[in-house]
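Note sheet for the following structure.
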Amino acid sequence: MTIIPANNLETCKNTLKSSGIAKDMTDDQVSAIAQIGTEQRYPKGVAIVREDAKSRDLYIIRDGRVSIRLKLPSEFGKEEVIFQMRDCQIFGELALVDGSPRSATAFADEEVTAYRFDYDRLSKLLEEQPRIGYILMRNIASIIANRVRNTNMLWRNTLIW
C-alpha cells in the first residue's frame with residue numbers, strides 16, 4: 001500500500017461529490033472534508049479492511065474495483081463475494097457510524113486508489129462544524145438505506161423464484 005497526502009484537492013473534492021456523501025454541501029464544506037483525506041493505493045489481491053477489524057475509517061474509491069466479502073461460517077477461511085464496488089463508491093460507513101467491528105472484508109480486485117478518511121480527524125471536523133456533520137451523516141444514511149432497499153429487492157426476487 002502506498003499512502004499519498006491528498007495533494008490534489010480538486011480530484012478528492014470531485015470524488016467526494018460523485019460519491020453522494022457531499023450532496024448539498026458548499027464548496028468550502030467539501031474542501032474541509034477533502035483536506036483530511038489521504039490518497040492510498042492498494043495492489044491487486046490486498047485486503048483493504050478485514051471483517052471483524054476494529055477500525056472506523058471511511059473509504060471512497062477513486063479508481064479500481066473492490067469486492068466486499070463475508071466469511072462463510074460453514075467453511076473455515078472461505079469468503080463469499082456479496083458486492084462489487086467501483087469508482088466513487090464508499091465503504092466503511094457502517095463502522096464509521098456505529099463503531100462496531102467491520103462487518104465484511106473489502107478486497108482489491110485490481111489496483112485500487114482510494115481516499116481514506118481517518119475516523120479521529122473526521123470526528124473532530126464534524127464536532128467543529130456540526131452542519132457538515134449533519135449533511136454528511138444524512139447522506140451516508142441515504143446511501144445505507146439505498147443498499148438495504150436493494151438487498152431487500154434481491155431477497156424478494158430470490159424468494160419468489
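Laboratory data are not the source of any read-out in this text; all were calculated from the coordinates shown. Just so it is clear, the structure is predicted and the values come from calculations on it, not from any experiment. FYI the Cβ positions are ideal-geometry reconstructions off the backbone, even for glycines, and counts take in every protein chain you see.
In this structure, the amide hydrogen of Arg56, modeled 1.01 Å from its nitrogen in the peptide plane, lies closer than 5 angstrom to those of Tyr119, counting only residues at least 5 positions away or on a different chain.
How much of the calculated P(r) for the chain lies past 26 Å, in percent of all Cα pairs? Summing the P(r) tail past 26 Å for the chain gives 27 percent. Across q = 0.17, 0.19, 0.27, 0.28 Å⁻¹, the range 1-70 modelled as identical point scatterers on its alpha-carbon atoms has Debye log10 I(q)/I(0) values of -0.71, -0.86, -1.31, -1.35, in the order of the q list.
Under the simplified labelling scheme, the Glu128-Val81 pair shows an inter-label distance of 4.0 nm, with each label point 7 Å from Cα along Cα→Cβ. Amide hydrogen proximity for Arg62: with H placed 1.01 Å from N in the peptide plane, the residues at 5 or more positions away or on another chain lying under 5 Å are Cys88, Thr113, Ala114, Tyr115. Between the beta carbons of Trp155 and Arg121, assuming R0 = 35 Å, the FRET efficiency works out to 0.45 to the nearest 0.05. Listed by number, the DSSP H helices of the chain that run 20 Å or longer by alpha-carbon position along their axis and have mean Kyte hydropathy of at least -1.0 are 130-160. Here the 3J(HN,Hα) profile of the range 43-56, calculated from phi with Karplus coefficients 6.51, -1.76 and 1.60 at θ = phi - 60°, is x, 4, x, 9, 7, 6, 9, 10, 3, 6, 5, 9, 6, 10 Hz, Gly and Pro shown as x. Pairs of lysine residues in the range 2-160 that meet both criteria, 8 or more places apart or on different chains and Cα atoms under 20 Å apart, total 6.
Relative contact order for the range 47-108: 52 percent, from Cα pairs under 8 Å spaced at least 6 residues apart, divided by residue count.
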